[in-house]
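Asker: Supplied in structure tokens, the structure appears directly below.
The values are calculated or read from the model by the stated rules, or taken from the named source; none is laboratory data. No experiment lies behind these values; they were computed from the predicted model shown. Cβ placement follows ideal geometry from the backbone for every residue including glycine, while neighbour counts extend to all protein chains displayed. For accessibility, only protein heavy atoms count, side chains too; no ligands or nucleic acids. Shrake-Rupley method; radii C 1.70, N 1.55, O 1.52, S 1.80 Å.
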Amino acid sequence: MEATVTGPDDQTVTSTKRVVALPPFVLGLKVARYLERARAITPEVLVAGVDGQLVAGQEVTVRLLNRQWHSYLRASDFSDGEARYVTRWSTRR
């Protein structure tokens, strides 16, 4: 976190502070590794608190997206010996 304050004499004072912010819980999803011709999936959802213990009865909303990644090698002369890839993704709901 960083804050800057400007006084009446137009001088500024800036200070920074590192803050560790943890979410109140962490989600875990378990789905089948392979589904042939799936129209819908039903994942097992686990909720764990910051102490690592499972939390029962925590209401959550989960939205799963079908995201496809497409990468291809960008044309270049490779004079520097580095391959350059272009990556794009698309999402279907």
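Asker: Looking at region 1-35, which of the residues that are in a loop (DSSP other than H, G, I, E, B), over 21 Å from Arg63 (Cα atoms) and of a type outside the set (A, V, I, L, M, F, W, C) is least open to solvent (accessible area, probe 1.4 Å)?
Answerer: Of everything passing the filter in region 1-35, Gly7 is least open to solvent (accessible area, probe 1.4 Å).
Asker: Okay, next question. So which pairs qualify, if the first residue must be in region 27-50 and closer than 15 Å to Asn66 by Cα, the second must be among the aliphatic types (A, V, I, L, M) and assigned to a strand (DSSP E or B), the Cβ gap must be under 9 Å, and the two must be at least 6 apart or on different chains?
Answerer: Close Cβ pairs (under 9 Å, with a partner that is among the aliphatic types (A, V, I, L, M) and assigned to a strand (DSSP E or B)) amount to Leu29/Val45; Leu29/Leu46; Pro43/Leu29.
Asker: From the list Ala75, Ala56, pick out the single residue that is at pLDDT 85 or above, over 17 Å from the mean Cα position of the chain (by Cα) and assigned to a loop (DSSP other than H, G, I, E, B). First the steps, then the outcome.
Answerer: Numbers: Ala75 fails: at pLDDT 85 or above.
Result: Ala56 is the single residue among Ala75, Ala56 that is at pLDDT 85 or above, over 17 Å from the mean Cα position of the chain (by Cα) and assigned to a loop (DSSP other than H, G, I, E, B).
Asker: Looking only at region 36-53, how many residues end up being more than 18 Å from the chain's Cα centre (by Cα) and either among the polar types (S, T, N, Q) or assigned to a strand (DSSP E or B) (or both)?
Answerer: Count: 4.
Asker: Here is a further query. For Leu46, state whether it is open to solvent by 60 Å² or more (accessible area, probe 1.4 Å), in contact with a Ser or Thr (Cβ under 9 Å, 6 or more places away or on another chain) and of a type in the set (A, V, I, L, M). Lay out the reasoning, then the answer.
Answerer: On the way: open to solvent by 60 Å² or more (accessible area, probe 1.4 Å): yes; in contact with a Ser or Thr (Cβ under 9 Å, 6 or more places away or on another chain): no; of a type in the set (A, V, I, L, M): yes.
Taking the combined requirement at face value, the residue does not satisfy it.
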